[in-house]
Amino acid sequence: MTRELKLNGQTISTNAQDGTPLLWVIRDELKMTGTKFGCGVASCGACTVHIDGEPTRSCQTFVEDVEGVEITTIEAMSKDKIGAAVQQAWTELDVVQCGYCQSGQIMSAVGLLAENKKPTADEIDEYMWGNACRCATYQRIRAGVQRAAEILEA
Amino acid sequence: MTLTTSRRRFLQGAAASTVLLVGMRANGVMAAASETTDINPFVRIDATGRVTAIVKHFEMGQGPSTGLTTLIAEELGVTMDQIDYDFAPSNPQVYNNLLFGTFQGTGGSTAMANSFVQYRNAGAAAREMLIAAAASDWGVDESTLDIVAGQITGGGKSAPIADFVASAVSQDVPAEPRLRTPDEWRLIGKEGAVKRKDTAVKIDGSGTFAMDFHFDNQLVVMIAHAPRMGAVVKSFDDTDAKGMTGFEMAKTLPDNSGVAVFADTTWNAMQARDAIVVEWDNTNAEMRSSDTIRDELIAGVEMGEATYQTRGDQIDTANAISGAAKVIDKTFYFPLLAHAPMEPLTCTIEPIADGGVVLHDGAQFPTFGHMTLTQVLGLPMEKVQVKTVLAGGSFGRRANPTADYNLECAMAFALTDRSRPVKLVWSRDDDIRGGYYRPAFAHRVRVGLDEAGQIIGWDHRISGQSIMKGTAMEPMIVHDGVDHSSIEGVADTVYNVPGMSVGLTDHAKATSVLWWRSVGHTHTAFVMESMIDMIASETDTDPLELRLSMLPGKTPAQTRMAGVLNKLAELSNWKAGAPDGQSRGLAVHHSFGSFVAEAVDVSGGGDDAVKIEKVYCAVDCGIAVNPDVIRAQMEGGIGFGIGHVMRDQITLTDGEVDQTNFPDYEPLRISDIGAIEVAIVASADAPTGVGEPGTPPSGPALANAIARAGGPRVTMLPMIDEVEFA
Ligand code: FES
Ligand code: FES
């Protein structure tokens, strides 16, 4: 069956069957590859997207559950006020290494800053816990979130 | 490198589309041309003056796309904004790692070390040719001109390099271009001068990793792998997969190592693979449990005589120790570890019109991938291209003498009619369970101290599985039966260790093993630095002072190792010690040409959970080409090392891997580790490695901190069995 999804402000249609993770609709069907596959079991955060603004693991979110909600991916972040600030902070601090986790890190960081304008280091750790970075860029992520908060405050 | 003169002339009419390429011919001679068919360039300058560095090392986050580009920009005289980078194609004659022979590959933290002169030469040659072209046009002497920020400038004139690209092509290639001297450097070693070149595409989702390849008519293949290493397919049943959406076919791989399951999309391939039932032949499979392997390894260091005596004389050392006032005797164990790069292994083979194929891969060893495809597909070298894209981490896993995942993809492609691209995808489970682990190792060390607390004998036994024997790397690394990578960091320790004897016992093949970020140093540094800390405690000596006393500066290496210790002391305010309520552990190690000292401050210990509050790091890696990339590699190397010693291990039950995915092979998390502060020792020595050397001292520095905090002295890893972490 065909379903309509709202993704990055556009309506798209998918034929994916029930039980198909949103991740694979985004990556394989829509060919938007900024959202990454890391574990498939909601334990690394590489696949993080926003569902109605809330960071969500798309590998464990199924296509039948996301009809009518707003799905946002990394590709839309440069147009988002918080997203752009996070990207600027990431650039200033050269946060990335291999970069494979960073779409997910940024999606989570944006979610955090949307609900907490000035997170402390502990609050960042707590919120970002589920986003693994095998390159261990953690301290720059922490600094990046705080720098983005500053940019947004200015 | 040999540089000779070569002169080529081009038709005037070609000028509009002329590109200046400076690089190497297949015979290793520096050359310039305007067509890529003619030479393989390190630097390409198009008619608009746009410069591209052709980077021969893959980018797994360690920074060569920035570093090698910096070298070209520096010599040529362009800003970092005026230069792009591209990954080099596979060509082992031209893009070889100068430290690996005729072999293109990234490993051993050598990217900068082997490129530092080569890439500067290419940039300098391009600069001199552009200047020669301008000088002859302007009727001025070449020595009056320079290129600054992409402008050829001097003698009262200035023009963009674009104006002279066409005429530069026909200039002599300088045999020995003048390299800029350090006082002229605007980029190399300059804080804040260079930003990473790969950031932009990694923060907006646009960067292409191998996992991101998509061809409209592609087949996705996943492999039903054997649950036990060495098992082979007896038979399989794909009844349940038939009729599943997108399922195309399942076939046994020609080497019987697994069943290739083909489908139209990744998700459908995953589903179909799960539906296939395979019966395995375990005749040659690993059937032991990891406890058995561990017992065997520990027995290997407790027996009287090692297979290979690699340093000193065991009897002399034993005699010395028998007269000691005090003996410290410790056994260490290091479990199997997976690399678990963030991007699971994947590559795509695309058939192209000329009957050849293109391998799209985050290729760490393009030469092995290239050769593997030619062999499996029966194609000549020139019909196989390797296109390197961004790699989502590696930590050694993508470099494999067997080119394992390229081989799988090639075998799968060969099972098709070769008309459609075949994309191989590994899941995280495939990755965690897929072998090629950091081998398990055991060490036993007995150190004898005299009445004054001086070391009089150090007997060191190591037992583990060689990662090099039986591979193409064996001739390079294994000498007289000794795999140097099993003992590096012990037998060649920088310290003065009186009466040292080192023995190695190779463990029989237990499982498929591979290098892992920092290779043998992952275990040897842990043992050396834990032992030295135990000696310091036993003799009531300051651990930093004890180390310095063992580094009297008799060799340049000792001076540099002492140098990083002193730098660390300054950075961490060693004299004042850890903040109240915290304890500090120290470690220092030499690996891949670099020296790194680290101090870890922990809170807790004793009855309280341990928390890593802060890490200090001092590094001497020679000339610090990109200081911020170096800091990032230290930060990452520390996190990688600490995460694994804290809680990671691969275990086997009756030969089957127990772990499956991140929930039971738990990566370091952001909340596990506090801030890391890195200081770089100023140096005029040639650049050495940074990708790996941050890792070895991190584990023992943590172990030493925990012991000093009143926690256990952990010698059997992972720590989680004995230490509770906050
Ligand atoms: S891929 Fe979804 S959390 Fe790892
Ligand atoms: S940057 Fe490599 S996994 Fe995070």
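General remarks:
- Any hit, the range B:177-194, residues being surrounded by 14 or more Cβ atoms within 10 Å (Cβ to Cβ), under 30 Å from A:Met32 (Cβ atoms), within 13 Å of another protein chain (Cβ to nearest Cβ) and touching a helix residue (DSSP H, G or I) at 6+ places or on another chain (Cβ under 8 Å): no
- Residue count for the range B:585-596, restricted to those that are open to solvent by less than 20 Å² (accessible area, probe 1.4 Å) and touching an Asp or Glu at 6+ places or on another chain (Cβ under 6 Å): 2.
- Extreme residue, surrounded by the most Cβ atoms within 10 Å (Cβ to Cβ), among residues of the range B:490-524 that are among the small types (Gly, Ala, Ser) and under 22 Å from B:Ala340 (Cα atoms): B:Ser518
- One residue stands out in the range A:33-49 among those that are more than 6 Å from ligand 1 (Cβ to nearest atom) and open to solvent by 10 Å² or more (accessible area, probe 1.4 Å): the one that is farthest from B:Gly246 (Cα to Cα), namely A:Val41.
- Qualifying residue in the range B:218-229 (condition: open to solvent by 40 Å² or more (accessible area, probe 1.4 Å), over 30 Å from B:Ala442 (Cβ atoms) and in contact with an Asp or Glu (Cβ under 7 Å, 6 or more places away or on another chain)): no
- When the test is whether a residue is more than 15 Å from ligand 2 (Cβ to nearest atom) and either under 16 Å from the mean Cα position of the chain (by Cα) or under 28 Å from B:Asn626 (Cα atoms) (or both), A:Ile151 passes it.
- Tally, over the range A:60-70, of residues that are in contact with a Ser or Thr (Cβ under 9 Å, 6 or more places away or on another chain) and near ligand 1 (Cβ under 7 Å from one of its atoms): 0
- Of the strands (runs of 3 or more DSSP E) lying entirely inside the range B:207-258, the ones with 3 or more residues being more than 14 Å from every other protein chain (Cβ to nearest Cβ), more than 33 Å from the chain's Cα centre (by Cα) and touching a residue at least 40 places away in the same chain (Cβ under 8 Å) are found at B:232-237.
- Residue that is farthest from the other protein chains (Cβ to nearest Cβ), among those in the range B:661-686 that are β-branched (Val, Ile, Thr) and either assigned to a loop (DSSP other than H, G, I, E, B) or in contact with a Lys or Arg (Cβ under 6 Å, 6 or more places away or on another chain) (or both): B:Val681
- Subset of the range A:41-61 that is in a loop (DSSP other than H, G, I, E, B) and more than 16 Å from ligand 2 (Cβ to nearest atom) - its residue that is farthest from the other protein chains (Cβ to nearest Cβ): A:Asp52
- Of residues in the range B:526-547 being in contact with a Pro (Cβ under 6 Å, 6 or more places away or on another chain) and surrounded by 24 or more Cβ atoms within 10 Å (Cβ to Cβ), the one nearest to B:Val564 (Cα to Cα): B:Glu529
- Residue in the range B:433-442 that is within 14 Å of chain A (Cβ to nearest Cβ) and either open to solvent by 10 Å² or more (accessible area, probe 1.4 Å) or out of contact with any helix residue (DSSP H, G or I) (no Cβ under 9 Å at 6 or more places or on another chain) (or both) present: yes
- Neighbours by Cβ (under 9 Å, 6+ apart or cross-chain): first from the range A:76-97, under 22 Å from A:Lys6 (Cβ atoms); second away from ligand 2 (no atom under 15 Å from the Cβ) and in a loop (DSSP other than H, G, I, E, B): A:Ala76/A:Asn8; A:Ala76/A:Gly9; A:Lys79/A:Asn8; A:Lys79/A:Gly9
- Residue in the range B:74-81 that is in contact with a helix residue (DSSP H, G or I) (Cβ under 7 Å, 6 or more places away or on another chain), modelled with pLDDT under 95 and either under 24 Å from B:Ser167 (Cα atoms) or of a type in the set (S, T, N, Q) (or both) present: no
- Condition check for B:Arg517: closer than 24 Å to B:Gln62 by Cβ and in a loop (DSSP other than H, G, I, E, B): yes
- Test: residue in the range B:531-546 that is in contact with a strand residue (DSSP E or B) (Cβ under 9 Å, 6 or more places away or on another chain), within 26 Å of B:Leu717 (Cβ to Cβ), in the same structural domain as B:Leu717 (by TED's automatic domain parsing) and among the polar types (S, T, N, Q): yes
- Total residues in the range B:325-334, condition open to solvent by less than 40 Å² (accessible area, probe 1.4 Å) and out of contact with any Leu (no Cβ under 6 Å at 6 or more places or on another chain): 4
- For A:Ala76, the conditions (1) within 12 Å of another protein chain (Cβ to nearest Cβ); (2) closer than 28 Å to B:Glu677 by Cα all hold with the exception of (2).
- Residue tally, condition within 15 Å of B:Ala403 (Cα to Cα), under 21 Å from the mean Cα position of the chain (by Cα) and more than 14 Å from chain A (Cβ to nearest Cβ), over the range B:330-362: 2
- Among the residues of this structure, A:Leu30 does not count as one that is buried (at least 21 other Cβ atoms within 10 Å of the Cβ) and away from ligand 2 (no atom under 16 Å from the Cβ).
- Selection of the range B:451-473 for residues being of a type in the set (Asp, Glu) and open to solvent by less than 50 Å² (accessible area, probe 1.4 Å) yields only B:Asp459.
- So A:Gly68, is it over 14 Å from the mean Cα position of the chain (by Cα), more than 8 Å from chain B (Cβ to nearest Cβ) and buried (at least 24 other Cβ atoms within 10 Å of the Cβ): no
- Yes/no for B:Val233 being out of contact with any helix residue (DSSP H, G or I) (no Cβ under 6 Å at 6 or more places or on another chain), outside the structural domain of B:Thr69 (by TED's automatic domain parsing) and not charged (D, E, K, R): yes
- Hits in the range B:295-311 (condition: open to solvent by less than 60 Å² (accessible area, probe 1.4 Å) and in a strand (DSSP E or B)): B:Tyr308, B:Thr310
- Verdict on B:Gly694 being part of a loop (DSSP other than H, G, I, E, B), of a type in the set (Gly, Ala, Ser) and open to solvent by less than 10 Å² (accessible area, probe 1.4 Å): yes
- Residue within the range B:338-355 that is open to solvent by 10 Å² or more (accessible area, probe 1.4 Å), modelled with pLDDT of 95 or more and under 20 Å from B:Gly207 (Cβ atoms) present: yes
The values are calculated or read from the model by the stated rules, or taken from the named source; none is laboratory data. The shown structure was predicted, so the numbers you read here are calculated from the model rather than taken from an experiment. A quick note on method: Cβ atoms are made from the backbone with ideal geometry, for glycine too, and the neighbour counts reach across all protein chains shown. For accessibility, only protein heavy atoms count, side chains too; no ligands or nucleic acids. Shrake-Rupley method; radii C 1.70, N 1.55, O 1.52, S 1.80 Å.
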